[in-house]
Amino acid sequence: MPSNRDQPERPRREPEIIPPGNDWPNRDSRWPPNDGFRRGTHRIYVSRIGPLGFALLLLILALFGGVFLLLLIGAALIWFPVLLVLALIAAIAGLIRRL
């Protein structure tokens, strides 16, 4: 507990900074433990997207948008005749009702 309440408490231990290229300080160590689910150390590399990657991303988005538009138009083309038949049935039912 710090003697002065306004001062924050210092960390109890320093964080370990592992430089690039060194997975673990000791390669023979069992950390992280291999419990049957994890298979060693996995790395995730994150980098900025370049112009080619950006163009490919836009191309994929345009492809998905085009497929969605085609599905939407296809659904409209399928439902148009169904609605037309229902309107014809309603018109015929109205004519029969008048007789």
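Observations, loosely collected:
- For the stretch 1-30, the candidate set comprises residues that are within 34 Å of the chain's Cα centre (by Cα) and among the acidic types (Asp, Glu); within that set, the residue that is modelled with the highest pLDDT is 16.
- Check on residue 53, within 19 Å of the chain's Cα centre (by Cα), surrounded by 10 or more Cβ atoms within 10 Å (Cβ to Cβ) and either at pLDDT below 90 or within 30 Å of residue 18 (Cβ to Cβ) (or both): yes
- Residue check, residue 95 under 27 Å from the mean Cα position of the chain (by Cα) and modelled with pLDDT of 75 or more: no
The values are calculated or read from the model by the stated rules, or taken from the named source; none is laboratory data. The model shown is predicted, which means the values in this text are computed figures rather than measured ones. Positions of Cβ are generated from backbone atoms using ideal geometry, with glycine treated the same way; all protein chains shown enter the neighbour counts.
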